[in-house]
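The block underneath contains the structure these notes are about, expressed in structure tokens.
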Amino acid sequence: GFARYKLSRARELVKQITEDVETKTGNKLFDGMVQQMYLDNSLRGGVPVLLGEIDDISQSLSVDEDSRIKVYHLFSRIHGDLERDYNDFVIEPTFFSEGPGNFRDIAQNRRNDVIINPRIGSFNAKLFLTFIQMDGYNPLSVEAVVFTIDDKNECDRLAADAVGYADGHRADREALAGVLCSGSWRPGQLAEMLEKQNIFLMRTLPELIDNVAASAKTSPMAVSKDGYWADHWTYYMDLIESYLQIYPDREEKFLYDELLPYFFSSRVVRPRAKKYVLSRSYNGQWHHVRQLHPTFEDSSRLEQMRHYVNDSSGWYKTEAHYHHNKGGTIVNSAPIAKLFLLATVKFATRDAYGMGIEYEGGKPGWNDAMNGLVGMLGSGMPESYELKVLLNYLKKAAGKYRRRVIVVPEELAALIGKITDALDELGDGEYIPPIQTKTTINKVPSDLFQYWDTVATAREEYRSDMISLSGRVIEYSSSDVIEIIDRWICQVDLGIARAHTIGSHGFEGGDELLGITPTYFSFNVTKWERTGEMSQLGHPLVNAMEMTVGKFPLFLEGVVRMMKTLDKEHATSIYNAVKKSGLRDEKLGMYTLSSSLVGQSYDMGRMMAFSPGWLENQSVWTHMSYKYYLELLRKGMYDDFFTEMESGMLPFIHEKNYGRSLLECSSFIASSAFVDPTMRGQGFLPRLSGTTAEFLSMWVLMMVGPSPYFINDETGVLEMQLVPALPFWLFRHDPTAVDNKQHSIRFKLFSSIDVVYFLSQPRNLFGVAPEKYEIGLRDGSKIVVEGPTIPHHLAMNIRRVVFIQYIVAYF
């Protein structure tokens, strides 16, 4: 019956989706875990499909090579949570179903799209870079891209092709043409309107969608909400790095030749004088300064957006969401310029001691349970380490493409100039505080405080000018950019050194000796002056005059982000230190989100409402643990990674303790700190999360390696190389096989190409390239390549996917 058919169809659909990463190793649970993680990842980040493939040529090109091809993600939505009612778990029952998702979720879960399907090209990187605002923030909710066709003649042609040219079809033609040219729409909405208006098609619905998609242009769409998350910008580099793993030959064109708009939001960050309030402590015994209601809806921005309303639909046109200058022209910049803007604003948002990035936008970073830290004038080291990653990349790109210039709005250049003047005034002092004790009070040195106040004021002035940009631009040569960034990197490194001196320990015995990076700081205003104004809740507004630094126990996130900036030797040292710290749950063989939080202020956030070992209070938070494991693999710490995998990752952990299917990912695992020993090691909240993205990144590194495509230093030509990281125990063993084929692993490359690794003798394949490749083409021929690398012409055909059937690599 109907129910049986739908069940069968659902299973077919799941199989169809998960075939992209089909894997066959010696561990069937691991193979199933890969596909389950990919399915879960797809249900949050979306399943990318290519529309606009209307001829044979388009089926072998990427979106960067053929403007007719459009990427559309199906099923993407808010992640859902069956155990938390406020997180809706919904897939809309519509054609081409896709809903909105939070920026962080979507950005993380689409990280591997281009690696699994190279034809997606730079789509995701450009999509998210478009969301960069002039203030350095981004909207919260990412929606499906919208399609528009502005050419009336093209709409008429498409409508006639779809419904026919006969006179009897005139009404349907006009109705369909009217829909196509009436503003923005999505494929599902188009299908729904056809159904409601009873428009009869001479073509199939998929054919129509492909035809109109080929002629349409797409625009990113998003919605701002209450406040700005401090970590969202840190995922841009992940998307860019993934793109460059497949397209390193297109880096210059991507960075300098594309032009992207800036997203325009009606929500803005208040200056400090409008959000630093004087309030009483929770016990009413003293006053303290808190940062409250840091953002607000700007009525002047809303009024500007109303200039771009579609008369027929009453909805905002896509132009309403883009930043315009005084002349009414949309402001566009190259990706390299947008990244430079981002680096500038984040550098100008470092805290008063120059250590972390301030949580000044109303939201904390990745750890949203630290929501009280915003009020405590908090800052985060994770974002500082990511700033260093971004600065290093900008410096590298500027050095590589020295003939190119970076063009920025003159308002940003003015901010850069004020930062330079403030650094000149600050001088070369390192301001490293003395060795710390638990009773040390760290007052921000007056010179650092003055620098912070000057730069923060410059940042606020820059933001106040943004609504009316002049339209004039300033060019920076590559030498100028490198000089500026070198100076900024030096300051970031000094801030990191101060952070390690002040906060590189927890409060439990022994951790102060380990030198593990802190993650968070708070700032206590010890001297202030009233502005004479009151906040919206009736609190006196103040200006800060002096500050001291507050510190917190250890959190795993700081370690994870720091490791992105380290070499293997230093990363190994930190790894060994973490194993001895309060972040290690020795009984479970896992790592907790934080060390003990006993005695911490409830001001820091909702995590203090949970029992130790539960939720964000010292539990094993799966996503952050997987981030940590991923960094071990990225650093080439193979023995350590696979040792941790066997005790801390699905599907290898103890099933009885876990209490769920080993293929079902949980948000957190109750740690050994939890009061009930029967629940320790048990997984809770089986929801979709960023864990899946980290796992897939590990899978890519294990199966393919860190840089499958690279530019040969000697020839300057693109080549390909498979460099897996696989332990011998994961290989399948077939004692009956001949010709050194007893040990094998199989997987799908680029969703389509069957890859087999044959191991000639028992050993680990840790960063080892093949001795020989056999490449099978879809016309039945095969090519043998001797040596570790695949030459240019074959590498290009593999990247185009459609010409290649299989690859056999011999080790």
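The values are calculated or read from the model by the stated rules, or taken from the named source; none is laboratory data. This structure is a prediction, so every number in the text was calculated from the model and none was measured. We place every Cβ from the backbone using ideal geometry, glycine too, and count neighbours over all the protein chains shown. Accessible surface areas use protein heavy atoms only, side chains included; no ligands, DNA or RNA. Shrake-Rupley method; radii C 1.70, N 1.55, O 1.52, S 1.80 Å.
If I go through the stretch 352-368 residue by residue, how many of them are over 18 Å from the mean Cα position of the chain (by Cα) and either farther than 9 Å from residue 380 by Cα or open to solvent by 10 Å² or more (accessible area, probe 1.4 Å) (or both)?
So the answer is 7.
Could you please give the count of residues in the stretch 195-235 that are within 33 Å of the chain's Cα centre (by Cα), on the phi < 0 side of the Ramachandran plot and touching a residue at least 12 places away in the same chain (Cβ under 8 Å)? Show your work before the answer.
Residues of the stretch 195-235 within 33 Å of the chain's Cα centre (by Cα): 206, 209-235.
Checking the rest, the ones that are also on the phi < 0 side of the Ramachandran plot come to 206, 209-226, 228-235.
Then keep just the ones that are touching a residue at least 12 places away in the same chain (Cβ under 8 Å); that gives 209-226, 228-235.
Residues in the stretch 195-235 being within 33 Å of the chain's Cα centre (by Cα), on the phi < 0 side of the Ramachandran plot and touching a residue at least 12 places away in the same chain (Cβ under 8 Å): 26 in total.
Of these, 204, 234, which one is under 30 Å from residue 454 (Cβ atoms), among the β-branched types (Val, Ile, Thr) and modelled with pLDDT of 90 or more? Let's see the steps before the verdict.
Working: 204 fails: under 30 Å from residue 454 (Cβ atoms).
234 is the lone residue from the list that is under 30 Å from residue 454 (Cβ atoms), among the β-branched types (Val, Ile, Thr) and modelled with pLDDT of 90 or more.
For the stretch 654-677, name all the residues that are out of contact with any Phe, Trp or Tyr (no Cβ under 8 Å at 6 or more places or on another chain), farther than 20 Å from residue 41 by Cβ and in contact (Cβ under 8 Å) with a residue 24 or more places away in the chain.
Of everything in the stretch 654-677, those that are out of contact with any Phe, Trp or Tyr (no Cβ under 8 Å at 6 or more places or on another chain), farther than 20 Å from residue 41 by Cβ and in contact (Cβ under 8 Å) with a residue 24 or more places away in the chain turn out to be 654, 657, 658, 659, 671, 672, 673, 675.
In the stretch 449-501, what residues are closer than 20 Å to residue 546 by Cα, surrounded by fewer than 19 Cβ atoms within 10 Å (Cβ to Cβ) and of a type in the set (Val, Ile, Thr)?
Matches in the stretch 449-501: 454, 457.
Which condition breaks for residue 509 when tested against (1) in contact with a Lys or Arg (Cβ under 8 Å, 6 or more places away or on another chain); (2) open to solvent by 10 Å² or more (accessible area, probe 1.4 Å); (3) modelled with pLDDT under 95?
The one condition residue 509 does not meet is (1).
Among the residues of the stretch 672-686, which ones are in contact with a Lys or Arg (Cβ under 7 Å, 6 or more places away or on another chain), surrounded by 21 or more Cβ atoms within 10 Å (Cβ to Cβ) and farther than 27 Å from residue 35 by Cα?
Across the stretch 672-686, the qualifying residue is only 674.
Kindly check whether there is at least one residue in the stretch 551-570 that is open to solvent by 10 Å² or more (accessible area, probe 1.4 Å), under 27 Å from residue 616 (Cα atoms), outside any loop (DSSP other than H, G, I, E, B) and modelled with pLDDT under 95.
yes
Being touching a strand residue (DSSP E or B) at 6+ places or on another chain (Cβ under 9 Å) and either modelled with pLDDT of 95 or more or closer than 21 Å to residue 726 by Cβ (or both) is the filter here; which residues of the stretch 34-47 pass it?
If the condition is that a residue be touching a strand residue (DSSP E or B) at 6+ places or on another chain (Cβ under 9 Å) and either modelled with pLDDT of 95 or more or closer than 21 Å to residue 726 by Cβ (or both), then 34, 35 are the ones that fit.
Which one of these is in contact (Cβ under 8 Å) with a residue 12 or more places away in the chain, at positive phi and part of a loop (DSSP other than H, G, I, E, B): 375, 354? Don't jump to the end; show me each part of the working.
Details: 375 fails: at positive phi.
Matching residue, one of 375, 354: 354.
Using the structure shown, decide if residue 666 is open to solvent by less than 50 Å² (accessible area, probe 1.4 Å), part of a loop (DSSP other than H, G, I, E, B), touching a His at 6+ places or on another chain (Cβ under 7 Å) and of a type outside the set (Phe, Trp, Tyr). Outline the logic, then answer.
On the way: open to solvent by less than 50 Å² (accessible area, probe 1.4 Å): yes; part of a loop (DSSP other than H, G, I, E, B): yes; touching a His at 6+ places or on another chain (Cβ under 7 Å): no; of a type outside the set (Phe, Trp, Tyr): yes.
Spelling it out, it is not the case that residue 666 is open to solvent by less than 50 Å² (accessible area, probe 1.4 Å), part of a loop (DSSP other than H, G, I, E, B), touching a His at 6+ places or on another chain (Cβ under 7 Å) and of a type outside the set (Phe, Trp, Tyr).
Please note which helices (runs of 4 or more DSSP H) are completely contained in the stretch 112-210 and include at least 3 residues that are open to solvent by 10 Å² or more (accessible area, probe 1.4 Å) and more than 30 Å from residue 702 (Cβ to Cβ). Step through it out loud before you land on a result.
Numbers: elements: 113-116, 123-130, 152-163, 170-180, 187-196.
Counting at least 3 such residues, we get 152-163, 170-180, 187-196.
Could you tell me how many of the residues in the stretch 728-758 are within 29 Å of the chain's Cα centre (by Cα) and either assigned to a loop (DSSP other than H, G, I, E, B) or at positive phi (or both)?
Residues in the stretch 728-758 being within 29 Å of the chain's Cα centre (by Cα) and either assigned to a loop (DSSP other than H, G, I, E, B) or at positive phi (or both): 3 in total.
Find the residue count for the stretch 731-753, including only residues that are within 16 Å of residue 811 (Cα to Cα), in contact (Cβ under 8 Å) with a residue 40 or more places away in the chain, touching a Phe, Trp or Tyr at 6+ places or on another chain (Cβ under 7 Å) and not polar (S, T, N, Q).
Residues flagged as within 16 Å of residue 811 (Cα to Cα), in contact (Cβ under 8 Å) with a residue 40 or more places away in the chain, touching a Phe, Trp or Tyr at 6+ places or on another chain (Cβ under 7 Å) and not polar (S, T, N, Q) within the stretch 731-753 amount to 1.
For the stretch 77-109, what are the residues that are open to solvent by less than 10 Å² (accessible area, probe 1.4 Å) and at pLDDT 90 or above?
103, 106, 107, 108, 109
On the given criteria, is residue 781 at pLDDT below 95, open to solvent by 40 Å² or more (accessible area, probe 1.4 Å) and among the small types (Gly, Ala, Ser)? Can you show your working first?
Working: at pLDDT below 95: no; open to solvent by 40 Å² or more (accessible area, probe 1.4 Å): yes; among the small types (Gly, Ala, Ser): yes.
Spelling it out, it is not the case that residue 781 is at pLDDT below 95, open to solvent by 40 Å² or more (accessible area, probe 1.4 Å) and among the small types (Gly, Ala, Ser).
Considering only residues of the stretch 222-248 that are open to solvent by 10 Å² or more (accessible area, probe 1.4 Å) and out of contact with any helix residue (DSSP H, G or I) (no Cβ under 8 Å at 6 or more places or on another chain), which is nearest to residue 129 (Cα to Cα)?
241
Quick test for you: out of 13, 29, 7, 39, pick the one residue that is crowded, with 17+ Cβ neighbours inside 10 Å, part of a helix (DSSP H, G or I) and among the aliphatic types (A, V, I, L, M).
Values: 13 fails: crowded, with 17+ Cβ neighbours inside 10 Å; 29 fails: crowded, with 17+ Cβ neighbours inside 10 Å; 7 fails: crowded, with 17+ Cβ neighbours inside 10 Å.
39 is the lone residue from the list that is crowded, with 17+ Cβ neighbours inside 10 Å, part of a helix (DSSP H, G or I) and among the aliphatic types (A, V, I, L, M).
For residues that are open to solvent by less than 20 Å² (accessible area, probe 1.4 Å) and assigned to a loop (DSSP other than H, G, I, E, B), scanning just the stretch 583-609, find the one that is farthest from residue 646 (Cα to Cα).
Here the residue is 605.
Cβ-Cβ under 8 Å, sequence separation 6+ or interchain: first residue in the stretch 524-535 and under 24 Å from residue 441 (Cβ atoms), partner assigned to a strand (DSSP E or B) and open to solvent by 70 Å² or more (accessible area, probe 1.4 Å). Which pairs?
525/545; 526/443; 527/545; 528/545; 529/545
Could you say whether any residue in the stretch 630-640 is over 24 Å from residue 605 (Cβ atoms), outside any loop (DSSP other than H, G, I, E, B) and in contact with a strand residue (DSSP E or B) (Cβ under 7 Å, 6 or more places away or on another chain)? Step through it out loud before you land on a result.
The first filter runs over the stretch 630-640 and keeps only residues over 24 Å from residue 605 (Cβ atoms), leaving 630-640.
Now narrow it down to the ones that are outside any loop (DSSP other than H, G, I, E, B): 630-634, 638-640.
Cutting the leftovers down to in contact with a strand residue (DSSP E or B) (Cβ under 7 Å, 6 or more places away or on another chain) gives us 633, 638.
Yes: one or more hits.
Suppose we keep only residues that are of a type in the set (D, E, K, R) and outside any helix (DSSP H, G or I) within the stretch 378-418. Which one would you say is nearest to residue 503 (Cα to Cα)?
First, the residues of the stretch 378-418 that are of a type in the set (D, E, K, R): 383, 386, 388, 395-396, 400, 402-404, 410-411, 418.
This time we only want the ones that are outside any helix (DSSP H, G or I), so: 402-404.
Numbers: 402: 39, 403: 43, 404: 41 Å.
Per the criteria, the residue is 402.
Out of 251, 303, 319, report the one residue that is in contact (Cβ under 8 Å) with a residue 60 or more places away in the chain, acidic (Asp, Glu), part of a helix (DSSP H, G or I) and open to solvent by 10 Å² or more (accessible area, probe 1.4 Å). Quick ask: steps written out before the conclusion?
On the way: 303 fails: in contact (Cβ under 8 Å) with a residue 60 or more places away in the chain; 319 fails: in contact (Cβ under 8 Å) with a residue 60 or more places away in the chain.
Result: 251 is the single residue among 251, 303, 319 that is in contact (Cβ under 8 Å) with a residue 60 or more places away in the chain, acidic (Asp, Glu), part of a helix (DSSP H, G or I) and open to solvent by 10 Å² or more (accessible area, probe 1.4 Å).
When the residues of the stretch 58-73 are narrowed to those that are at pLDDT 90 or above and open to solvent by 20 Å² or more (accessible area, probe 1.4 Å), which ends up nearest to residue 193 (Cα to Cα)?
Going through the qualifying residues, I end up with 68.
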